[in-house]
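Read through the structure below, which is laid out as structure tokens, and then see the notes.
The values are calculated or read from the model by the stated rules, or taken from the named source; none is laboratory data. Since the model is a prediction, treat every value here as computed from it, not as a measurement. Methodologically, a virtual Cβ is constructed for each residue, glycine included, from the backbone with ideal geometry; neighbour enumeration extends over all protein chains shown. Only protein heavy atoms, including side chains, enter the accessible area calculation; ligands, DNA and RNA are left aside. Shrake-Rupley method; radii C 1.70, N 1.55, O 1.52, S 1.80 Å.
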Amino acid sequence: MSLLAWIVLGLVAGFIANRLASQPGRGVIPDTLLGVVGAVAGGWLFSQFGMAGITGFNLYSLLVAIVGAALLIWVYHAISRTLG
């Protein structure tokens, strides 16, 4: 998958995950950018459990990216709550 496709998939996944995992008052832009990293993390996480990671620009890959982004956003919010 090209770098641009990863970024687009991550942005879409981050936006959706922001709606699923975000707390009121959190920023959409930081959470959406975390989605780019979460897309990569989701692909890695799924492959560690023996499942297919991100396989291309399709619905399954979007689901994997959303799961990764939601987990990453949730962890980020949990850490930011305890630190500040």
Original post:
Restricting attention to the stretch 29-61, which residues are among the aliphatic types (A, V, I, L, M) and either open to solvent by 40 Å² or more (accessible area, probe 1.4 Å) or under 8 Å from the mean Cα position of the chain (by Cα) (or both)?
Top reply: 29, 33, 34, 36, 37, 39, 40, 41, 45, 51, 52, 59
Subject >> Every pair of residues 6+ apart whose Cβ atoms lie under 9 Å, when the first sits in the stretch 69-84 and is open to solvent by less than 90 Å² (accessible area, probe 1.4 Å) while the second is among the hydroxyl-bearing types (Ser, Thr, Tyr) >> reply: 69/32; 73/22; 77/22
Original post:
Could you list, in sequence order, the residues of the stretch 48-68 that are aromatic (Phe, Trp, Tyr) and either part of a helix (DSSP H, G or I) or in contact (Cβ under 8 Å) with a residue 24 or more places away in the chain (or both)?
Top reply: 57, 60
